[in-house]
Amino acid sequence: MEARIIDGKKVSEEILNELQRDIQKLKDEGNPPGLAVVIVGEDPASAAYVNMKEKACARLGIYSEIHRLYATARHAELLDIIEDLNDNPSISGILVQLPLPKGFDQSDVLQSIFPVKDVDAFHPENVGLMLVGTPRFMPCTPYGVQVLLQRSGVDVQGKHVVIVGRSNIVGKPLAAMLMQKAKGANATVTVCHSQSRDLPGICRSADVLVAAIGSPCFIKADMVKEGAVVVDVGINRVDDPAAQKGYRLVGDVDFENVKKVAGAITPVPGGVGPMTIAMLMHNTVRAAKLQVGE
Ligand code: GUN
């Protein structure tokens, strides 16, 4: 039997609709949420993500502003913008789109964002709070994965979750989140990566397999246990002369073949991607509440 398709678009719509009431309340109280996004350079994928974030804000009536810098901008210019946004009371959340071009010190930039405005949850203070189980914000993509699983009826408690990829944005925080003694967690988590011995074997032992490697169609059908839940975090552009834009988006999972083996699977697009945006909106609303002491 073919895998059930886990519909991230539908779940993300539910979350966005649920946020409407909180946003209205914040506005009525004179504390409207606001998001500032900073993008440096002209990476087309980053530009597309920033565009989606701006659209989501517009749809929910969240104030947003985009700050665009050339890749040749000085590091100090970026820090100055962040400092202004830190001090700007109409901005509840600040996000610096990653990756930054060469010459920027990413760690320094992330640490310059006020932790209470850090809607990406990349500041070491927020990473630490999450790790010890008292999160202020949860990083958008892993949080999106967790909520998507919960709302799709996949309980990870006691299950073996294998995460392929150890990035600071997805792999590491997702592992921290799913191993917590908490609702929607309590999993046994394995993180593997390019240096892991017998990667296919480890993947086959997964009840829930999360692909976050950034390599198109990396996870093949013979790496997946029959009936396993497969979550595809990858968004890769591959050339396709037949496509209108000259490329198409594929995940880290060989979807067409893996869906014949898996019990449930997230598609690309329409899986984790829209969840990331929804959780960013959630975090922006949360930031606005935190700043007025709610
Ligand atoms: N680049 C890829 N994913 C993300 C994300 O979640 N936040 C930011 N700021 N940059 C990213």
Close pairs (8 angstrom Cβ cut-off, 6 or more residues apart or separate chains): of a type in the set (A, V, I, L, M, F, W, C) in segment 40-51, within 12 Å of the ligand (Cβ to nearest atom) anywhere: VAL40/VAL96; VAL40/GLN97; VAL40/LEU100; ALA45/ILE235; ALA47/ILE39; VAL50/VAL37; VAL50/ILE39; VAL50/GLN97
Could you look through segment 244-284, keep only residues that are among the polar types (S, T, N, Q) and surrounded by fewer than 19 Cβ atoms within 10 Å (Cβ to Cβ), and pick out the one that is nearest to the ligand (Cβ to nearest atom)? GLN244
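For segment 90-102: of the residues being without any contact (Cβ under 8 Å) to a residue 60 or more places away in the chain and either over 24 Å from GLU294 (Cα atoms) or loosely packed, with under 12 Cβ neighbours inside 10 Å (or both), which is farthest from the ligand (Cβ to nearest atom)? Before you say what the answer is, go through the steps one by one.
Residues of segment 90-102 that are without any contact (Cβ under 8 Å) to a residue 60 or more places away in the chain, as a first pass: 90-91, 94, 96, 99, 102.
Narrowing further to those that are either over 24 Å from GLU294 (Cα atoms) or loosely packed, with under 12 Cβ neighbours inside 10 Å (or both): 96, 99, 102.
Numbers: VAL96: 6, PRO99: 7, LYS102: 16 Å.
The qualifying residue farthest from the ligand (Cβ to nearest atom) is LYS102.
Please find, among MET52, MET1, the residue that is outside any helix (DSSP H, G or I), within 30 Å of ALA228 (Cβ to Cβ) and of a type in the set (A, V, I, L, M).
Details: MET52 fails: outside any helix (DSSP H, G or I).
Every option except MET1 fails the conditions.
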Can you find a residue that is closer than 30 Å to ILE219 by Cα, in contact (Cβ under 8 Å) with a residue 24 or more places away in the chain and in a helix (DSSP H, G or I) anywhere in segment 67-88? no
A careful count of residues in segment 120-145 that are in a helix (DSSP H, G or I) and either within 12 Å of the ligand (Cβ to nearest atom) or touching a Leu at 6+ places or on another chain (Cβ under 7 Å) (or both) gives 6
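Yes/no matrix, rows are residues, columns are (1) surrounded by 15 or more Cβ atoms within 10 Å (Cβ to Cβ); (2) within 27 Å of PRO173 (Cα to Cα):
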| residue | (1), (2) |
| --- | --- |
| CYS57 | yes, yes |
| TYR70 | no, no |
| VAL109 | yes, yes |
| GLY128 | no, yes |
Just a yes or no: is a residue in segment 65-81 at pLDDT 95 or above, under 20 Å from the mean Cα position of the chain (by Cα) and under 26 Å from ASP232 (Cα atoms)? no
Among the residues of segment 38-48, is there at least one that is modelled with pLDDT of 95 or more, within 15 Å of LYS117 (Cβ to Cβ), surrounded by 14 or more Cβ atoms within 10 Å (Cβ to Cβ) and more than 14 Å from the ligand (Cβ to nearest atom)? no
Within segment 193-237, residues on the phi > 0 side of the Ramachandran plot and surrounded by 16 or more Cβ atoms within 10 Å (Cβ to Cβ) come out as CYS217
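State all residues of segment 195-223 that are among the basic types (Lys, Arg), in a loop (DSSP other than H, G, I, E, B) and in contact (Cβ under 8 Å) with a residue 12 or more places away in the chain; if no residue qualifies, say none. Quick ask: steps written out before the conclusion?
Just the residues of segment 195-223 that are among the basic types (Lys, Arg), to begin with: 197, 204, 220.
When the remaining residues are screened for being in a loop (DSSP other than H, G, I, E, B), the result is 197, 220.
The one that is among the basic types (Lys, Arg), in a loop (DSSP other than H, G, I, E, B) and in contact (Cβ under 8 Å) with a residue 12 or more places away in the chain: LYS220.
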Any residue in segment 159-182 that's touching a residue at least 60 places away in the same chain (Cβ under 8 Å) and at positive phi: show its pairings with residues that are of a type in the set (A, V, I, L, M, F, W, C) and within 16 Å of the ligand (Cβ to nearest atom) at Cβ separation under 6 Å, as long as the two are six or more apart or on different chains. GLY165/ALA212; GLY165/ILE213
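Could you identify the single residue in SER205, SER215, SER196 that is under 18 Å from the mean Cα position of the chain (by Cα) and of a type outside the set (A, V, I, L, M)? Reasoning before the result, please.
Values: SER205 fails: under 18 Å from the mean Cα position of the chain (by Cα); SER196 fails: under 18 Å from the mean Cα position of the chain (by Cα).
Exactly one residue qualifies, and that residue is SER215.
Considering only segment 146-176, how many residues are assigned to a helix (DSSP H, G or I), aliphatic (A, V, I, L, M) and buried (at least 24 other Cβ atoms within 10 Å of the Cβ)?
Residues flagged as assigned to a helix (DSSP H, G or I), aliphatic (A, V, I, L, M) and buried (at least 24 other Cβ atoms within 10 Å of the Cβ) within segment 146-176 amount to 3.
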Is at least one residue of segment 189-202 among the charged types (D, E, K, R) and more than 16 Å from the ligand (Cβ to nearest atom)? yes
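The values are calculated or read from the model by the stated rules, or taken from the named source; none is laboratory data. Computed from a predicted structure; not experimentally measured. All Cβ positions, even for glycine, are placed from backbone atoms using ideal geometry, and neighbour counts span all protein chains on display.
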